[in-house]
1. Please give the length that would be gained between residue 5 and residue 62 if that part of the chain were fully extended, namely 0.36 nm times their separation in residues minus their C-alpha to C-alpha distance (nm, one decimal).
2. For residue 75, enumerate residues with amide H under 5 Å from its amide H, sequence gap 5+ or separate chain, H modeled in the peptide plane.
3. At 4 °C and 1.567 mPa s, grab the translational diffusion coefficient of the range 57-119 from Stokes-Einstein with a Kirkwood Rh over Cα pairs, rounded to a whole number in µm² per second.
4. Which residues in the range 120-146 place their backbone N less than 16 Å from a point set 7 Å from the Cα of residue 14 along the Cα-to-Cβ direction?
5. To the nearest 0.05, what FRET efficiency results for residue 89 and residue 44 with a Förster distance of 22 Å applied to their C-beta separation?
6. Output the 0 to 90 degree angle, nearest 10, between the alpha-carbon long axis of helix 34-46 and the longest principal axis computed from the alpha carbons of the chain.
7. How compact is the range 30-152 by the rule of thumb for globular proteins, expressed as Cα Rg over 2.2 N^0.38 Å?
8. With a ≥ b ≥ c the root eigenvalues of the C-alpha gyration tensor of the range 1-45, is it rounded (a/c under 1.5), prolate (a/b larger than b/c) or oblate?
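Please treat every number below as a calculation from the coordinates, not as lab data. All values derive from a computational prediction rather than experimental measurement. Ideal geometry is used to build each Cβ from the backbone, glycine not excepted, and the neighbour counts take in all protein chains shown.
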Amino acid sequence: MKDPSERIGYLLWQLSQAYTQRLERALRPLGLTQAQLSTLVRLSRDGTLSSAELARRCGVTAQSMGTALRGLVERGLVERRPHPTHGKIIEMCITAAGEALALQGETALEPCEQEALESLLPQEQEQVRTHLRRMLGALNAQALGPGYGNQHDDGT
């Protein structure tokens, strides 16, 4: 039987568990979950989106996105708006308060990222990001945002 630490899935799962605990601690003072911060950042970057599209881009289930959005709407961080041409679609739009909290959340996560990367040289850090984006692109390109397939690793 193979050593689990030789399997990508095992390593990713262990890394995810350790990293998730740090992210949750960093976001707790802001009253945000990771799904909520991801939602705010996506809306801030990508503009108005439906709940279904947000779920795809954030890599969560529709039910998880519904839960995340409910809390954000209740706090006045996101607004629901009817789609201009499709009556059945409700779009989500970030508010100014949501924009401000998204920025605070991103700032709160910086130490977590620094801790995770501190054992790597700057060049290695960028290589890790590049390889993770490529792997994610193969499994869920929508999580990388619009136009990912048309961009090179340097963003052009």
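1. 17.3 nm
2. none
3. Details: Rh = 13.8 Å.
The diffusion coefficient I find is 94 µm²/s.
4. none
5. 0.60
6. 70
7. 1.15
8. Numbers: a/c = 5.55, a/b = 2.24, b/c = 2.47.
Cα axes put the range 1-45 in the oblate bin.
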